[in-house]
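A.B. asks: Here you go, one structure.
The values are calculated or read from the model by the stated rules, or taken from the named source; none is laboratory data. These numbers come from a predicted model, not from an experiment. Please note: Cβ atoms are built from the backbone with ideal geometry, for glycine as well, and neighbour counts cover all protein chains shown. Just the protein is used for accessible areas: all its heavy atoms, side chains included, with ligands, DNA and RNA removed. Shrake-Rupley method; radii C 1.70, N 1.55, O 1.52, S 1.80 Å.
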Amino acid sequence: MRIQVRAREKDPLAVFLGWFSIGLGSAQIAAPRMLCKLVGANGEGISPNVMRVMGAREIAQGTGILVRPRPTMWLWSRAAGDGLDLALLGLIAFKNRRARTAFAIANVLAVTAPDVYESLFLSRRKAPDRSAKLIRKSVTVDRPRDIVENAWAAASELRSKVVDAGGSTRFSEAPGDRGTELIVEFEYDPPAGDLGAVAQKLTGRDLATQLSDDLRRFKQQVETGEVVRSEASPDGHLLVDHLKQRAAQPLEEAVR
């Protein structure tokens, strides 16, 4: 099984910065006193409340980055937030002169660089926003093309899933006389961007994951006449099941 994904307006660095914002913001809201002490503040008075406000800002920025197809404004917002954070840390360093504050300043500067770089990178893009990405999945079936095409025509449920997603299917001769290559393409544009994509994976509604499993079963059915399932993943390759997956074992031992 091979998967190809078209490059989007939002590259992996932007996605990383979005998740980083959400992770940092969650920590700032959940443990503001600990974070205050970590950067050299005393954690008393209004400091925890200020830390919570900064955490809410980080979560809002991270969500905006992950949801938007081209989150230029949100990345510039992160860069501006870095400047505010540096100003507050400078004030703490002026009052307390602690080594941990200097370390915190160094870490903020290390994050500011990619924030500014990515903001400039996306600002230079003038084409219309493009949130969808092209997913191409292919599987090689060790059977002649006419047999594979007939089997695909008979797989009405699988074909309907591809058609409902606005996808297309094509066949070609596999290299090295290894049978027939079945190729499925569709545009993937989940609601709420990358946040929606994660939610779909966790709930098993991710079409790309479903098609991976469907095409494996199609290949097995055409080549062997039956579908082989592992006891460890009887429902297919769902991310939520992989989180609690254990080693496969014979069914009679699993029942005991």
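A.B. asks: Sort out which residues of region 153-171 are under 26 Å from the mean Cα position of the chain (by Cα), open to solvent by less than 50 Å² (accessible area, probe 1.4 Å) and touching a residue at least 40 places away in the same chain (Cβ under 8 Å), and write them in order of number.
C.D. replies: If the condition is that a residue be under 26 Å from the mean Cα position of the chain (by Cα), open to solvent by less than 50 Å² (accessible area, probe 1.4 Å) and touching a residue at least 40 places away in the same chain (Cβ under 8 Å), then 158, 162, 165 are the ones that fit.
A.B. asks: Return the residue satisfying two criteria in turn: it lies in region 1-29 and is at pLDDT 55 or above and assigned to a loop (DSSP other than H, G, I, E, B), and of such residues it is most open to solvent (accessible area, probe 1.4 Å).
C.D. replies: That would be 11.
A.B. asks: Considering only region 72-84, I want to know if a residue exists there that is in contact with a strand residue (DSSP E or B) (Cβ under 9 Å, 6 or more places away or on another chain) and of a type in the set (Asp, Glu).
C.D. replies: No, every residue in region 72-84 fails to be in contact with a strand residue (DSSP E or B) (Cβ under 9 Å, 6 or more places away or on another chain) and of a type in the set (Asp, Glu).
A.B. asks: So, one more: Looking only at region 162-185, how many residues end up being touching a helix residue (DSSP H, G or I) at 6+ places or on another chain (Cβ under 7 Å) and under 19 Å from residue 210 (Cβ atoms)?
C.D. replies: Filtering region 162-185 for residues touching a helix residue (DSSP H, G or I) at 6+ places or on another chain (Cβ under 7 Å) gives 165, 169, 171, 173, 180, 182, 184.
Among the residues that remain, those that are also under 19 Å from residue 210 (Cβ atoms) are: 165, 169, 182, 184.
Number of matching residues: 4.
A.B. asks: Does region 30-49 hold any residues that are exposed (fewer than 13 other Cβ atoms within 10 Å of the Cβ) and either aliphatic (A, V, I, L, M) or part of a loop (DSSP other than H, G, I, E, B) (or both), and which are they?
C.D. replies: Listed by number, the residues that qualify are 30, 42, 44, 45, 46.
A.B. asks: Which residue out of 110, 104, 93 is out of contact with any Phe, Trp or Tyr (no Cβ under 8 Å at 6 or more places or on another chain) and within 17 Å of residue 13 (Cα to Cα)?
C.D. replies: 110
A.B. asks: Do we find that residue 65 is within 30 Å of residue 190 (Cα to Cα), touching a Pro at 6+ places or on another chain (Cβ under 6 Å) and part of a helix (DSSP H, G or I) in this structure?
C.D. replies: yes
A.B. asks: Continuing with this model, one more query. Could you please give the count of residues in region 81-101 that are over 30 Å from residue 71 (Cβ atoms), open to solvent by 60 Å² or more (accessible area, probe 1.4 Å) and in a helix (DSSP H, G or I)?
C.D. replies: Residues in region 81-101 being over 30 Å from residue 71 (Cβ atoms), open to solvent by 60 Å² or more (accessible area, probe 1.4 Å) and in a helix (DSSP H, G or I): 5 in total.
A.B. asks: Quick one: what pairs do we get from region 70-98, first residue touching a residue at least 40 places away in the same chain (Cβ under 8 Å), second part of a loop (DSSP other than H, G, I, E, B), C-beta under 6 Å, 6+ apart or different chains?
C.D. replies: Listed pairs, sorted by first residue: 70/9; 70/129; 92/40; 92/41; 96/40; 98/40.
A.B. asks: Scanning region 208-219 for residues that are out of contact with any His (no Cβ under 7 Å at 6 or more places or on another chain) and open to solvent by less than 30 Å² (accessible area, probe 1.4 Å), which turns out farthest from residue 132 (Cα to Cα)?
C.D. replies: Taking the candidates together, the pick is 218.
A.B. asks: Also: Name the one entry in 78, 57, 70, 52 that is outside any helix (DSSP H, G or I) and either at pLDDT 90 or above or under 30 Å from residue 168 (Cα atoms) (or both).
C.D. replies: Numbers: 78 fails: outside any helix (DSSP H, G or I); 57 fails: outside any helix (DSSP H, G or I); 52 fails: outside any helix (DSSP H, G or I).
Being outside any helix (DSSP H, G or I) and either at pLDDT 90 or above or under 30 Å from residue 168 (Cα atoms) (or both) holds for just one of 78, 57, 70, 52, which is 70.
A.B. asks: List, please: which pairs have Cβ atoms under 6 Å, are six or more places apart or on different chains, and start with a residue in region 172-194 that is on the phi > 0 side of the Ramachandran plot and end with one that is open to solvent by 20 Å² or more (accessible area, probe 1.4 Å) and in a helix (DSSP H, G or I)?
C.D. replies: From residues that are on the phi > 0 side of the Ramachandran plot, the pairs are 192/67; 193/67.
A.B. asks: List the number of the failed condition for residue 199; all other conditions in (1) small (Gly, Ala, Ser); (2) modelled with pLDDT of 80 or more; (3) over 30 Å from residue 66 (Cα atoms) hold.
C.D. replies: Residue 199 satisfies all of (1) small (Gly, Ala, Ser); (2) modelled with pLDDT of 80 or more; (3) over 30 Å from residue 66 (Cα atoms) except (3).
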